[in-house]
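See structure below.
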């Protein structure tokens, strides 16, 4: 079976696993106060070119979103997100469980336009009754988005500006950031991204780690007592080293970016093959998630040989499906899939 | 430096790490639907002698407590715990963050007596205004307790009975369960414990895993939509296999219990040495946490050679400290510490 | 100044005030256990032709919505509402504060179509990942809606059916129910409405009371420990009699309906005048809220003589405004306003 | 039947009701933006001798406590209260529902000693693991307490100091403040109290109003967007005038204090009679709640003629009961009760 189901279907990149084995018996304090976390933080700061950045490691994506949003919003505020945003649809109401409303605005191909946000905020403050509504306190975006698309640097700068205009924070969900940054279509570097976000996270789970996300506050303005809030939401890991060791490995000799390049290169090969063989793309994704439309017959045939995700049934009877590459995808598997097309 | 700071200061038991390496490249679906989780569940069911039990893997202890309690309590209910219980004092208000009150009752040496619970419940229902108070809906205990002490089977049975009498669930926090079950003072087996609890968790983080706790519903009555509630509280792991592989290793050939035995044997050796050399015990613990009282001079001297936790300053100027053994503790380190006493 | 700002800009209907004065010195227990509440409950049951109904009095609308929704939803559930629904936009995130997501669906003229709800639910359950999303557990509608429009009996029956099909409760916000039921366009009676809702409230604040809403469970299935949940959300009134006395007055000799008739008759007179004089209606409302479009010049002129609410600025520079009648509106004021048009 | 059950068993003081009638038809905007609220705020500021104070009217006591505490605490903070405090025991977990822990400390006769608070805070900050615990962010006290006792000015000043030392706010629940201030044992005035609290509320419900509490921030530092938070917790009243009119009446010509004096004078007469006739007092209360111990025979006999509350069954078979006076208590009823003793 050829496996393109997701980018979290194998364990960890071998170098990550090696590092876990090497450090296994070194005694270190818990709760992220170990030397591996310290080293990983430093390496991330260096990669960001932000020596004063705060970095906090959390276990998973929904947890990171929920903790970051609920720790930064004031009680009277909600968070703006695209209607397709992960927090809008696929986190089981985690943001609402923490007491905050997700203010879903229409996105385009998974992206939220600065103009859409500005219009919403202008109308909000113009409304005389706005004290009866949750205030927009943050904008949440994903890079790449849930549909594999990418914000350009100009789009991100525009969102950054509107956030500044209306006193909101800009939070970027980078669950697949490595795949985004290494896309040929990406026109910004990690340090450039740091200039335009108030906080973001560097996804580990989907980019070579067993688990873990690194939440970065580029300006070094992590809220006070953040650790207490993390613990309150059940996100503090006793063996914080597990995250530190992994991110230390991922940010050693550019492994994180190498993983991104590998997956993107295979994804582009696959995309070219889909196009060449006349398949319609459901979304034109420049990243490691490829969305293709299959007929019932194609779907039935491919499913016998490959694992991939059913994305959405289409009105015309065809089906949008998703193929995902990762650090673990082998070129021979991509070639075998292409042969099947 | 001799390291007795905690049982979460190293990585994982080598066999756990080996199993992670062996299975690393096997592709499996996410969110706990992989075959490693399935296998681990079966092995836990077998160890519990409860073929119909539900088992759900979570990442850490506070998360497991918060998810279990908030998923099982009705909205009008709180959870009874000893005043020294982990949820009462050391979880940053995680239970309250989920909307429920911890009803702290006085414990003795970390344990909650059935009589204390029964008295509280009787008084509660006798109070004509009890509809104005949170109802007692669950009893939370730890085995071993935060002070290293153990409930006897008779004490657990008595708590089980009072829970039945007042329609409450009995939840046992087994963060260190392996060390409890293997104590020479423990008079119950895991299957016997299963008969007396409505739910409990088998701690992995402190007993040889990198992370992970196995929440067990011995009667197979895990609440419907439990996964949705886990996700809502940020506790769902994309790579659920990380937990499955580890628990599969821990429950293969009795590794979990072997780890317990190893740590207990060293803890008992240490305890005997403390007694022999005239040290006062702060608590008489039959498990892997040993609480000793040190003079200022002893404290200063020992700290030069060993890492251990300051537990509490005492009114007479002395200090209660904690030494912890684990799967990672070496006999030679225990001997070296004894030599220092 | 002619006052058409809202239906909560005066005190109480004189008969309500009289009854408060008459009963003032009668000693009765608190928390709704007084004889006035008992009597009011009976009269409401009679008006509903539901002798077994449960009735609970709360102080205000947002409170009633928040308490009802958070008490009836399971933890994994959200509530479906029109995107213009009061809970979607104008309750400051009160539903989210209680931990539940408002699942906003597009409405038409303030109304939620059964088909829209059915489509959402069908797609939800067809989605293989729906355990990662909040479940639809309730449908919230308002009668009349926030735009003054009314559901027909057939529309309500269709919503009732889709709720039954997908295991959801149907909750009707009747903040202005009296004005809805007395509209010439309303094709259902209160007893008929009772057959089609799982719960609803009879608004008092906007229909003649100083404060108060009567939450009705027509089938008598109010959740157990509802009072505890009300108290938990700060909604229990020590002097519950204040609500009982008022509803007792409102449901004596049909006062509640008489108030509705009075306001509707004046609203219809006003609406006819607007139409006659060539004003455009922003919404065609058959109830006590009339939405009219004014030019800048008309707006400036009318504001000198009358108080009314700015509803929304329109793209063409004109403004939608709202005129509201109530029990307190005098015919001479309506005539004076008409003269000004 | 002689009625001493509580101080919320009748309607409103006649002058309050009169004022409601007089103002009934005056049209005013909603949500507390009416001129009655404005006037009442000014009169309260004058009574407090704090012209810059912020005053916000809420409907009931639990609501006021929940809104004030959840609006002022940071997310990582809990609120310290006596173990007998209303928020600790009788608010159905309302504080926890808002996500915050009540840190209950042992009180004495219902009062929390500054030393107890200081000891707790000192130990908290000395504990190296305190980031794993909810921070003490506020101290909650009641004046008079739930047992009718009073803080002296010196005790309040000591609490004020410890709050300052540890960065906590001091919140005083004045549900029965009028009865406290008018007690012969009270050694402080309302302006003096204002100097020592960060916020407090002046109870209306139990002191002559139909409903309503006036939350006062003497320093004028009400949090921004407080109204939004009030609405979020369901506490905003559409007809805010209902509260404004009542407090305007209560603070006209000293009515609030006159009510206090009346009730206290009758309570003292009753207390003297109890003592004279050899009854034991359960608590020595200088305010309008009197706690007496009755034998089974006395209880049975008195219950035939008088309504009062069973407070607590005592181990010796006797019963502690509570008699309460209020603005509505008539001297002849007190005399009749005394005759029965």
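A short reminder: the numbers here are calculations on the coordinates, not readings from a lab. Since the structure is predicted, the reported quantities are computational estimates derived from the model, not experimental observations. Methodologically, a virtual Cβ is constructed for each residue, glycine included, from the backbone with ideal geometry; neighbour enumeration extends over all protein chains shown.
With an 8 Å cut-off on Cα pairs and a minimum separation of 6 or more residues, tell me the relative contact order of the stretch D:205-340 in percent.
The value is 23 percent.
Set the Förster distance to 22 Å, then compute FRET efficiency between residue A:38 and residue B:303 from the Cβ-Cβ distance, nearest 0.05. Could you put the intermediate results ahead of the total?
Working: r = 22 Å, r/R0 = 0.99.
Efficiency, rounded to the nearest 0.05: 0.50.
Using a 10 Å cut-off around each Cβ of peptide D:98-110, what is the average number of partner chain Cβ atoms that fall inside?
Details: counts 10, 12, 3, 11, 3, 1, 2, 0, 0, 0, 0, 0, 0.
Averaged over the peptide's residues, the number is 3.
Does anything in the stretch B:181-214 have its amide N under 19 Å from the 7 Å Cα→Cβ label point of residue B:277, and if so which residues?
Of the residues in the stretch B:181-214, none has backbone N under 19 Å from the label point off residue B:277.
Could you work out the percent of alpha carbon pairs in the stretch D:146-199 separated by over 13 Å, rounded to a whole number?
59
Tell me the relative contact order for the stretch B:14-254 as a rounded percent, counting alpha carbon contacts under 8 Å between residues six or more apart.
After rounding, I find 33 percent.
Distance in nm between label sites at residue B:269 and residue D:314, each 7 Å beyond Cα in the beta-carbon direction?
Inter-label distance under the simple model: 6.1 nm.
Rounded, prolate or oblate for the stretch D:125-263? Axes are the square roots of the Cα gyration tensor eigenvalues, ordered a ≥ b ≥ c, and the cut-off for rounded is a/c under 1.5. Walk me through the numbers on the way to the answer.
Numbers: a/c = 2.33, a/b = 1.30, b/c = 1.79.
Taking the square roots of the gyration eigenvalues as a ≥ b ≥ c, the stretch D:125-263 is oblate.
Hey, how many Å between the Cα centroid of the stretch B:95-132 and the Cα centroid of the stretch A:101-132?
Cα centroid to Cα centroid, the span is 46 Å.
What ranking, highest mean first, results for peptides B:177-183, B:98-104 when packing means the other Cβ atoms within 10 Å averaged over each residue? Let's see the in-between values first.
Working: B:177-183: 26.7, B:98-104: 24.1.
In descending order of packing, they fall as B:177-183, B:98-104.
At each listed q (0.11 Å⁻¹), what is the log10 of I(q)/I(0) that the Debye formula gives for chain A modelled as equal alpha-carbon point scatterers?
These q points yield log10 I(q)/I(0) values of -0.73.
Of the DSSP beta bridges with both residues in the stretch B:14-254, give the percent that are antiparallel, rounding to the nearest 5.
Just about 40 percent of them are antiparallel.
Can you give me the orientation-averaged projected area of the convex hull built on the Cα atoms of the protein assembly as shown, in nm²?
Dividing the Cα hull surface by four gives the mean projection, 51.5 nm².
Please report, for residue A:300, the nm distances (one decimal) from its label point, 7 Å out from Cα along the beta-carbon direction, to the equivalent points in the remaining copies, shortest first.
Result for residue A:300, in nm, nearest copy first: 7.2, 8.4, 8.6.
Taking beta carbons within 10 Å but only from partner chains, what does the mean come to for residues C:83-96?
On the way: counts 1, 0, 0, 1, 0, 2, 5, 6, 8, 19, 17, 9, 3, 12.
Mean partner-chain Cβ count within 10 Å for C:83-96: 6.
Counting DSSP beta bridges in the protein assembly as shown, what percent are antiparallel, to the nearest 5?
Rounded to the nearest five, the antiparallel share is 55 percent.
Can you tell me which of C:225-235, C:307-317 comes out highest on packing, and rank the rest after it, using the mean Cβ neighbours within 10 Å?
The packing order, highest mean first, is C:225-235, C:307-317.
Under 8 Å for C-alpha pairs, at least 6 residues apart: give me the relative contact order for the stretch C:1-100, rounded to a whole percent.
Relative contact order comes out at 17 percent.
Over all residues in A:260-272, what is the mean tally of Cβ atoms on other chains that come within 10 Å of each residue's Cβ?
For this peptide, the per-residue mean of nearby foreign Cβ atoms is 0.
What is the residue of chain D with the smallest Cβ distance to the axis taking D onto B, and what is that distance in whole Å?
Nearest residue, distance rounded to whole Å: D:96, 2.
Between residue A:341 and residue B:22, what is the FRET efficiency for a Förster distance of 35 Å, r being their Cβ-Cβ separation, to the nearest 0.05? All intermediate terms of the calculation are to be shown ahead of the outcome.
Numbers: r = 33 Å, r/R0 = 0.95.
The computed FRET efficiency comes out at 0.60.
Between the label point of residue D:14 and that of the same position in each other copy, find the distances and list them shortest first in nm, with every label point placed 7 Å from Cα along the Cα-to-C-beta direction.
2.2, 9.3, 9.5
Considering only DSSP beta bridges whose two residues both sit in the stretch B:72-153, what percent are antiparallel, to the nearest 5?
Roughly 10 percent of the DSSP beta bridges within the stretch B:72-153 come out antiparallel.
Over what distance in Å are the Cα centres of the stretch B:308-327 and the stretch C:43-90 separated?
What the calculation gives is 54 Å, centre to centre.
Using Cα centres only, tell me the gap between the stretch C:225-296 and the stretch D:274-296 in whole Å.
50
Quick one: what do you get for the stretch C:1-111 if you divide its Cα Rg by 2.2 N^0.38 Å?
Against the compact-globule rule of thumb, the ratio is 1.38.
Could you line up A:22, C:258, A:77 from fewest to most neighbouring Cβ atoms inside 10 Å?
Arranged by neighbour count, lowest to highest, A:22, C:258, A:77 become A:22, C:258, A:77.
Sorted by average packing, counted as other Cβ atoms within 10 angstrom per residue and highest first, what order do D:200-210, D:29-39 take?
D:200-210, D:29-39
If a/c stays under 1.5 just call it rounded; otherwise compare a/b with b/c (prolate if a/b is bigger, oblate if not). Do that for the stretch C:213-341, with a ≥ b ≥ c from the square roots of the Cα gyration tensor eigenvalues. Before the final figure, lay out the partial values.
On the way: a/c = 2.78, a/b = 2.01, b/c = 1.38.
Cα axes put the stretch C:213-341 in the prolate bin.
Between the label point of residue D:126 and that of the same position in each other copy, find the distances and list them shortest first in nm, with every label point placed 7 Å from Cα along the Cα-to-C-beta direction.
Here the equivalent label points are 3.8, 6.1, 6.6 nm apart from this one.
Residue D:123 to residue D:157: FRET efficiency via 1/(1 + (r/R0)^6), r the Cβ-Cβ distance, R0 25 Å, to the nearest 0.05?
Approximately 0.65, to the nearest 0.05.
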